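The numbers here are math on the coordinates, done by the rules we state, and not lab data. As the structure is a computational prediction, the values presented were derived from the model and not from experiment. Cβ placement follows ideal geometry from the backbone for every residue including glycine, while neighbour counts extend to all protein chains displayed.
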Amino acid sequence: MKKIAYKNLDLLYKEIAGAQELYLPVKVAKATNFKKYEDGVEVDIKSLQTVKSAKDLFFPQSEDMMEFKTSGKNIEIIDARKTPAPFVLFGVRGCDLKSFEILDRVFLAEPVDTMYKAKREAVTVVTLACNNPESSCFCKVFGVDASNPKGDVQATIVGDEMFFEPLTEKGRALLDSLKCLEDGDATAVEGEKKAIAEKIDALPFVNLDLSEFKGENLMKLFDRPEWEDLSKACLGCGTCTFVCPTCQCFDIRDFQTNAGVKRFRCWDSCMYSEFTKMAAENPRKNQMQRYRQRFMHKLCYFPSNNDGEYGCVGCGRCVKKCPQSLNIVKVIKKLGGKNND
């Protein structure tokens with residue numbers, strides 16, 4: 001166990017960034033997101049949640065894949081993939097760490113996504129326990145312990161100090177390399193973890209009942225008439241998918257430039273009318289069908305194909321960001337088990 005005074009955290013950031021790239025929550029124009037650490041940035045480590053999740057470091061919103069250059073009838077294909085240097089991702093909350101495991105099931109399954117894999121192998125993840133979870137949080141429902149967020153190193157703020165516990169060889173190597181840290185006593189951390197657990201147990205959504213969301217209930221859930229009412233106010237804006245740490249849908253496009261053609265991939269959303277549109281038509285013709293697709297995938301399709309692992313981590317971003325207050329909590333309460341009444 002290692003520790004550092006909270007007031008000296010900038011020394012820690014500088015020491016890490018002196019050896020490898022460091023990404024952590026940074027506030028820009030009142031919005032906090034994971035950014036590269038540089039002198040002068042406003043680190044916002046106490047914000048419970050970034051606007052977008054940390055998945056951006058492995059699965060960016062837009063990413064070049066290859067380039068094509070033509071000369072007469074000859075076509076040159078240029079691989080745009082780059083081998084990332086080792087980097088540290090600092091301040092990841094337990095829900096976002098859990099989302100990496102879900103994304104791994106998608107991008108590291110055969111055929112392996114080599115761009116994603118390279119970034120996952122390059123990273124050392126330092127998580128941060130949630131001292132003050134918000135009322136929109138329901139991560140415990142999906143097996144996340146916000147007091148023990150895991151990762152390569154898990155950190156906990158106790159009073160005016162931050163404590164670090166290494167959990168992997170990568171984590172131990174990182175802590176051993178940092179001269180600004182000193183030895184710490186785990187006793188204070190255990191007390192803080194207990195306090196966090198008590199706060200989590202008092203949250204309003206902590207007892208959501210998922211018992212109805214089983215593979216054998218797939219068609220029963222699909223045909224529930226409540227989908228019409230639940231989706232009625234949906235704008236199809238896609239905000240829920242863009243702030244979600246587990247959404248993994250993307251589109252691949254070619255873009256003509258003066259230097260040739262660039263092929264890139266970018267996030268897509270199942271809430272959009274052109275999502276998966278084919279030459280003949282779109283298989284989901286109205287917003288109700290698209291709304292149903294999103295939540296059936298999170299709560300039924302994905303766990304049916306992934307050993308019971310749900311496609312949600314209970315971070316609550318969709319609860320806070322949906323302009324119409326439509327979110328997965330309402331779906332679970334309406335269609336889930338009897339204990340949601």
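Scanning region 179-222 for residues being under 24 Å from the mean Cα position of the chain (by Cα) and part of a helix (DSSP H, G or I) gives a total of 6. Residues in region 12-19 include at least one that is in contact with a Cys (Cβ under 6 Å, 6 or more places away or on another chain), part of a helix (DSSP H, G or I) and of a type outside the set (D, E, K, R).
Look through region 327-341, keep the residues that are touching a residue at least 12 places away in the same chain (Cβ under 8 Å) and more than 26 Å from SER273 (Cβ to Cβ), and return whichever of them is surrounded by the most Cβ atoms within 10 Å (Cβ to Cβ).
GLY336
At least 2 residues being in contact (Cβ under 8 Å) with a residue 24 or more places away in the chain and within 18 Å of PHE302 (Cα to Cα) is the threshold, and among the strands (runs of 3 or more DSSP E) wholly inside region 69-154 not one reaches it. Taken as a whole, the condition of being among the hydrophobic types (A, V, I, L, M, F, W, C) and crowded, with 23+ Cβ neighbours inside 10 Å does not apply to PHE107. If you go through region 176-200 and keep only what is touching a helix residue (DSSP H, G or I) at 6+ places or on another chain (Cβ under 8 Å) and either exposed (fewer than 15 other Cβ atoms within 10 Å of the Cβ) or polar (S, T, N, Q) (or both), you end up with SER177, LYS179.
Summed over region 42-68, the residues that are part of a strand (DSSP E or B), within 25 Å of VAL28 (Cβ to Cβ) and in contact with a Lys or Arg (Cβ under 7 Å, 6 or more places away or on another chain) give a count of 2.
Of the listed requirements (1) closer than 18 Å to GLU15 by Cα; (2) touching a helix residue (DSSP H, G or I) at 6+ places or on another chain (Cβ under 7 Å); (3) aliphatic (A, V, I, L, M), ALA173 misses just one: (2).
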